[in-house]
Amino acid sequence: MQVEVLELTPSLKLYRVGLINYFLFKGEKNVLIETGLTCTAEKLLEELDESVDAAIITHSHFDHIAGLSVILEQYPEIEVAGHEKIAPLLEKEKVIRSWYSDNYHFCKEEIREPNLRIDRTLKDGDSFYGLEIFEFPGHAPDTIGIYYRKENALLATDCLGYFTSSGRIVPLFFYNYQQYLDSIQRISGFKPEILGVGHLRFFKGKECDKAVKDAYGEAVKLGDMIKSRMSDEDLIEYFFVDELRLYPEQAMKASAGLLKRRVLEA
């Protein structure tokens, strides 16, 4: 699994591990943003050349939370933070089993004994060791973005969709279509100089505004196609592309169905 390390700003380093973007913020404490999958977390820890004092889970999808078990094995004393809606999910055996089942299909690893916790819950307007927290629902009900005002850097995880290696932007409004659009509009107001997303890509300077604008346009375009009675087969073909083909097929087909449902609900 390939690892790329990039210094985005004096305080922010990107570790691109396979498909997962991890960000290390070096401030009052070293804060790891994103916990990823078990296999990507293992590779991250092999390459990480600095200690970790705290970690932020950006939302409760398996490819953003399952790796916490691995990280806590090496750093059992770190402070783990996430949206206040994630903590109740950690008490649901069915949810955790689903996360690690999908993680197994992706990583081809034996399912680990889950070791997950939230030490500090976060909500809109909170601050976490110098990082500002903003709620961006739509992709998931518990999605948060992280903003470092001093360097005008915004980490928006999957709120803008999945930016694939071929240049596609695949919208990911799994929870609420209108809230997804509203969140992108809110993100556009930041005018960041650095924009991080959950997978593969990052943007600098004028690229940031273009990425946000394009993400909004693609979401509206897909919504219009669904409203125009896009067939289920065409929707799956539209959605299950590029790196998304590496995810469990059944989970991706279910996710495509969610896209349709959320538009029709709106």
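The values are calculated or read from the model by the stated rules, or taken from the named source; none is laboratory data. None of the values given here were measured: they were computed from a predicted structure. All Cβ positions, even for glycine, are placed from backbone atoms using ideal geometry, and neighbour counts span all protein chains on display.
Look at region 190-245 and say how many of its residues are basic (Lys, Arg) and crowded, with 16+ Cβ neighbours inside 10 Å.
So the answer is 1.
From the list 69, 98, 11, which residue is small (Gly, Ala, Ser) and closer than 27 Å to residue 242 by Cβ?
Step by step, each of 69, 98, 11 is checked, and only 98 is small (Gly, Ala, Ser) and closer than 27 Å to residue 242 by Cβ.
Among the residues of region 146-162, count how many are small (Gly, Ala, Ser) and either without any contact (Cβ under 8 Å) to a residue 24 or more places away in the chain or outside any strand (DSSP E or B) (or both).
The qualifying residues number 2.
Can you tell me which residues in region 175-189 are surrounded by fewer than 22 Cβ atoms within 10 Å (Cβ to Cβ) and either among the hydroxyl-bearing types (Ser, Thr, Tyr) or part of a loop (DSSP other than H, G, I, E, B) (or both)? Give the steps one after another, and end with the answer.
First, the residues of region 175-189 that are surrounded by fewer than 22 Cβ atoms within 10 Å (Cβ to Cβ): 175-176, 178-179, 181-182, 185-186, 188-189.
Within region 175-189, 175, 176, 188, 189 qualify.
Could you check region 153-171 and list, in sequence order, the residues that are in contact with an Asp or Glu (Cβ under 8 Å, 6 or more places away or on another chain) and more than 15 Å from residue 23 (Cβ to Cβ)?
161, 162, 164, 165, 166, 168, 169, 170, 171
Which one of 30, 21 is over 18 Å from residue 126 (Cβ atoms) and over 16 Å from the mean Cα position of the chain (by Cα)?
Residue meeting the stated conditions: 30.
Considering each residue of region 117-145, count those that are assigned to a strand (DSSP E or B), in contact (Cβ under 8 Å) with a residue 40 or more places away in the chain and among the hydroxyl-bearing types (Ser, Thr, Tyr), and give that number.
So the answer is 1.
From the residues in region 81-100 that are under 21 Å from residue 131 (Cα atoms) and not hydrophobic (A, V, I, L, M, F, W, C), which one is surrounded by the fewest Cβ atoms within 10 Å (Cβ to Cβ)?
Restricting attention to region 81-100, the residues satisfying the condition of being under 21 Å from residue 131 (Cα atoms) are 81-87.
Among the residues that remain, those that are also not hydrophobic (A, V, I, L, M, F, W, C) are: 82-85.
Numbers: 82: 28, 83: 26, 84: 15, 85: 18.
My answer is 84.
Quick check on this structure: which one of 150, 123 is under 17 Å from the mean Cα position of the chain (by Cα) and either surrounded by 15 or more Cβ atoms within 10 Å (Cβ to Cβ) or farther than 24 Å from residue 255 by Cα (or both)?
Of 150, 123, the one residue that is under 17 Å from the mean Cα position of the chain (by Cα) and either surrounded by 15 or more Cβ atoms within 10 Å (Cβ to Cβ) or farther than 24 Å from residue 255 by Cα (or both) is 123.
Can you pull out the residues in region 174-204 that are in contact with a helix residue (DSSP H, G or I) (Cβ under 8 Å, 6 or more places away or on another chain) and acidic (Asp, Glu)?
193
Go over the candidates 78, 118, 71, 57 one by one and state the one that is closer than 24 Å to residue 173 by Cβ, modelled with pLDDT of 95 or more, crowded, with 18+ Cβ neighbours inside 10 Å and not acidic (Asp, Glu).
Values: 78 fails: closer than 24 Å to residue 173 by Cβ; 118 fails: closer than 24 Å to residue 173 by Cβ; 71 fails: closer than 24 Å to residue 173 by Cβ.
Being closer than 24 Å to residue 173 by Cβ, modelled with pLDDT of 95 or more, crowded, with 18+ Cβ neighbours inside 10 Å and not acidic (Asp, Glu) holds for just one of 78, 118, 71, 57, which is 57.
For region 6-53, give me the residue count where each residue is assigned to a loop (DSSP other than H, G, I, E, B), under 21 Å from residue 134 (Cβ atoms) and touching a Lys or Arg at 6+ places or on another chain (Cβ under 6 Å).
1
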